[in-house]
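Read through the structure below, which is laid out as structure tokens, and then see the notes.
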């Protein structure tokens with residue numbers, strides 16, 4: 001199993017895709033942190049002030065933006081094998097297909113944690129000097145921020161699991177990536193904004209992620225952080241199990 005995981009890392013670093021997606025995560029994190037600090041306290045801004053614990057937790061939850069890119073990376077890890085027809089020699093080398101999928105799940109979960117840590121470091125590098133210049137008292141060891149940082153790293157790892165599971169279920173790279181993005185930005189956006197269904201948002205992956213990472217979601221009641229974490233992990237394991245089961249039973253071609 002260790003060799004299979006090492007092989008997945010070899011495939012991952014054989015291209016620059018991981019780097020481009022990481023740069024995208026950096027860009028989105030930097031934008032989110034900059035906007036949060038830049039518009040702090042301005043009229044019409046619904047987010048809590050950075051002088052409050054809620055505002056500081058929301059600030060560092062911005063590092064969770066890397067979850068989107070980790071999701072895409074996980075999807076491409078599986079669908080790329082089918083798209084480029086490398087899946088056949090992969091399964092010939094390791095006839096136990098379940099082990100191949102498990103190796104991908106393990107490898108890309110670790111990669112997701114790495115993405116999360118990298119974007120957390122960037123968020124800290126931007127936030128600490130900027131808030132200090134604005135005379136905002138900000139400590140990384142207070143106001144629940146350590147739990148937020150751990151939650152961000154965990155959520156990115158789970159989204160990597162979701163990506164591998166979704167990729168194994170759909171196999172078509174374009175359909176999987178587009179479908180995932182439409183769900184994240186359209187479906188969950190509608191559910192979190194429409195009053196009739198807003199109360200159900202906390203049970204969706206995005207709502208669970210927001211609860212885990214301390215993200216501010218106006219007008220929406222969220223679960224407790226530990227409840228959101230368990231729910232998000234449940235989604236990740238569910239899609240991982242479904243993807244593994246489908247891969248074992250379905251024809252490769």
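The values are calculated or read from the model by the stated rules, or taken from the named source; none is laboratory data. Computed from a prediction, not measured in an experiment: that's the story for all the values here. Using ideal geometry, Cβ is built from the backbone for each residue, glycine included, and neighbour counts are taken over all protein chains shown.
Among the residues of the stretch 33-54 satisfying the criterion of being in contact (Cβ under 8 Å) with a residue 60 or more places away in the chain, surrounded by 18 or more Cβ atoms within 10 Å (Cβ to Cβ) and in a helix (DSSP H, G or I), which is nearest to the chain's Cα centre (by Cα)?
So, considering only residues that are in contact (Cβ under 8 Å) with a residue 60 or more places away in the chain, surrounded by 18 or more Cβ atoms within 10 Å (Cβ to Cβ) and in a helix (DSSP H, G or I), the one nearest to the chain's Cα centre (by Cα) is 33.
Over 25 Å from residue 52 (Cβ atoms) and within 15 Å of the chain's Cα centre (by Cα): which single residue out of 151, 179, 163 fits that description? Walk me through how you get there before you give the answer.
On the way: 151 fails: over 25 Å from residue 52 (Cβ atoms); 179 fails: within 15 Å of the chain's Cα centre (by Cα).
Within the list 151, 179, 163, the selection yields 163.
Is there a residue being in contact (Cβ under 8 Å) with a residue 40 or more places away in the chain and either buried (at least 17 other Cβ atoms within 10 Å of the Cβ) or in contact with a strand residue (DSSP E or B) (Cβ under 8 Å, 6 or more places away or on another chain) (or both) anywhere in the stretch 194-209? Give the derivation first.
Filtering the stretch 194-209 for residues in contact (Cβ under 8 Å) with a residue 40 or more places away in the chain gives 205, 209.
Filter once more, keeping what is either buried (at least 17 other Cβ atoms within 10 Å of the Cβ) or in contact with a strand residue (DSSP E or B) (Cβ under 8 Å, 6 or more places away or on another chain) (or both): 205, 209.
Yes, the conditions are met somewhere in the stretch 194-209.
Taking only pairs six or more apart or across chains, which ones have beta-carbon atoms under 6 Å, a first residue in the stretch 144-166 that is in contact (Cβ under 8 Å) with a residue 24 or more places away in the chain and at positive phi, and a second residue that is buried (at least 24 other Cβ atoms within 10 Å of the Cβ) and part of a helix (DSSP H, G or I)?
Partner pairs satisfying both residue conditions: none exist.
Under the condition of being surrounded by 16 or more Cβ atoms within 10 Å (Cβ to Cβ) and outside any helix (DSSP H, G or I), which residue from the stretch 140-173 is modelled with the highest pLDDT? Can you show your working first?
Of the stretch 140-173, the ones surrounded by 16 or more Cβ atoms within 10 Å (Cβ to Cβ) are 143, 145, 147-171, 173.
Filter again for outside any helix (DSSP H, G or I), leaving 143, 171.
Working: 143: 88, 171: 81.
Checking each candidate, the answer is 143.
Any residue at all in the stretch 174-185 that is buried (at least 18 other Cβ atoms within 10 Å of the Cβ), touching a helix residue (DSSP H, G or I) at 6+ places or on another chain (Cβ under 7 Å), assigned to a helix (DSSP H, G or I) and free of Cβ contacts under 8 Å to residues at least 60 places away in the same chain?
The answer is no; no qualifying residue exists.
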